[in-house]
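Encoded as structure tokens, the structure appears first; notes follow it.
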Protein chains: 2
Amino acid sequence: MSEEFSPRAQRLRDAGHKLTHARLTVLSVLEESGGHVTSAEVLEQVNERDSTIGRASVFRTLDLLTALSIIRPTFIHTSLTPTYVLLPDGHHHHIICTNCNRVIEFEECGLGAMAAELEQRLHVKLSGHLLEFYGLCDRCC
Amino acid sequence: MSEEFSPRAQRLRDAGHKLTHARLTVLSVLEESGGHVTSAEVLEQVNERDSTIGRASVFRTLDLLTALSIIRPTFIHTSLTPTYVLLPDGHHHHIICTNCNRVIEFEECGLGAMAAELEQRLHVKLSGHLLEFYGLCDRCC
DNA sequence: CACGCAGTTGATACAATATCTCAAAATCAG
DNA sequence: CTGATTTTGAGATATTGTATCAACTGCGTG
Ligand SMILES: [Zn+2]
Ligand SMILES: [Zn+2]
Ligand SMILES: [Zn+2]
Ligand SMILES: [Zn+2]
């Protein structure tokens with residue numbers, strides 16, 4: 001009986017990567033976070049669960065998950081630390097307040113048609129997208 | 001007779017900021033770059049034009065321009081350096097190849113209606129957006 | 001279920017990148 | 001021009017990510 005892995009872990013394996021303890025730990029931290037976590041927060045959470053996992057592996061895993069379009073780094077406020085979001089169905093959408101840096105997520109998106117058109121016209125194969133609006137939130141208007 | 005400034009410089013002034021030499025230099029570097037420049041590239045270009053401008057001011061200006069939705073940092077490959085793009089009419093769109101990290105820009109976007117709907121429903125005031133697709137480019141398919 | 005190899009790891013030193021501090025300078029309204 | 005205020009620049013410092021490489025591990029094979 002083969003062990004059960006999360007769908008995202010399966011995607012890692014299907015892409016030819018090993019399901020190591022370090023990778024599974026990083027992935028579970030990301031999955032249990034509310035989204036928009038910085039690398040420092042991921043490092044801290046990973047360390048809480050298993051302090052033997054090295055920093056380098058955490059960064060390597062974040063890069064790997066990014067390459068597989070499982071997560072995506074975005075810049076909210078400082079240019080120094082990106083925050084990572086999961087791309088649950090391949091996409092993610094939010095509004096960033098340019099005054100208070102609050103992030104408002106929203107779900108709906110009608111970008112399927114645009115993606116299909118781009119794929120055909122530019123001969124690319126798209127696996128996800130991120131849509132960010134900037135402006136002032138209701139508190140800052 | 002008042003000096004002429006670029007529309008983006010005017011936006012800075014209108015928002016209550018001074019049009020200093022450092023800020024105008026950073027802005028002109030960004031405007032003359034092709035877009036997708038890293039902070040290191042901006043620093044280098046600024047330094048070429050006026051080596052007396054300090055690093056701190058360049059970073060401060062990048063943050064300020066970001067807050068005003070004049071530019072936007074995005075993450076292309078390494079997690080270490082964001083690249084900045086101008087938001088010419090408030091928006092920018094590109095496709096990032098998750099294999100070779102090539103960036104393909106495209107112009108068309110039908111997000112005006114979505115922006116209007118979000119403004120009304122969430123009581124926000126939007127000033128721009130960034131749309132990123134991820135996938136494989138034509139060379140990597 | 002042991003074997004073995006390629007992929008992966010972790011410790012540490014290192015590199016790259018951004019922020020802080022504060023006296024001095026520059027902007028710009030009046 | 002003058003003065004109130006914002007902004008600057010140098011460099012030390014903090015933060016964040018990478019390189020190196022011997023040791024280890026996942027996992028296919030038999
Ligand atoms: Zn706000
Ligand atoms: Zn979407
Ligand atoms: Zn490519
Ligand atoms: Zn657009």
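The values are calculated or read from the model by the stated rules, or taken from the named source; none is laboratory data. Just so it is clear, the model here is predicted, and its values are computed rather than measured. Cβ atoms come from the backbone with ideal geometry, glycine included; neighbour counts cover every protein chain shown. Side chains included, ligands, DNA and RNA excluded: accessible areas come from the protein's heavy atoms. Shrake-Rupley method; radii C 1.70, N 1.55, O 1.52, S 1.80 Å.
Some values worked out for this structure:
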| item | result |
| --- | --- |
| Index of the failed condition, B:Ala15 passing every other in (1) more than 30 Å from A:Val58 (Cα to Cα); (2) among the small types (Gly, Ala, Ser); (3) crowded, with 16+ Cβ neighbours inside 10 Å; (4) within 13 Å of chain A (Cβ to nearest Cβ) | (3) |
| Lone unmet requirement of (1) of a type in the set (Asp, Glu); (2) within 16 Å of ligand 2 (Cβ to nearest atom); (3) at the interface with chain A (Cβ under 7 Å from one of its Cβ atoms) for B:Glu117 | (3) |
| Test: residue in the range B:39-49 that is crowded, with 17+ Cβ neighbours inside 10 Å, modelled with pLDDT under 95 and within 12 Å of another protein chain (Cβ to nearest Cβ) | yes |
| Tally of residues being at pLDDT 90 or above and open to solvent by less than 20 Å² (accessible area, probe 1.4 Å) across the range B:97-114 | 2 |
| Residue count, the range A:13-60 (criterion: more than 10 Å from DNA strand C (Cβ to nearest atom) and not acidic (Asp, Glu)) | 16 |
| Residue count for the range B:127-139, restricted to those that are facing another protein chain (nearest Cβ under 8 Å) and open to solvent by 30 Å² or more (accessible area, probe 1.4 Å) | 3 |
| Odd one out for A:Tyr84, checked against (1) touching a residue at least 40 places away in the same chain (Cβ under 8 Å); (2) within 14 Å of the chain's Cα centre (by Cα); (3) more than 10 Å from chain B (Cβ to nearest Cβ) | (3) |
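Matching residues to (1) modelled with pLDDT under 90; (2) more than 7 Å from chain A (Cβ to nearest Cβ); (3) open to solvent by less than 60 Å² (accessible area, probe 1.4 Å):
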{"position": "B:Val37", "(1), (2), (3)": "no, yes, yes"}
{"position": "B:Ser69", "(1), (2), (3)": "yes, no, yes"}
{"position": "B:Ile95", "(1), (2), (3)": "no, no, yes"}
{"position": "B:Arg121", "(1), (2), (3)": "no, yes, no"}
{"position": "B:Lys125", "(1), (2), (3)": "no, no, no"}
{"position": "B:Cys141", "(1), (2), (3)": "yes, no, no"}
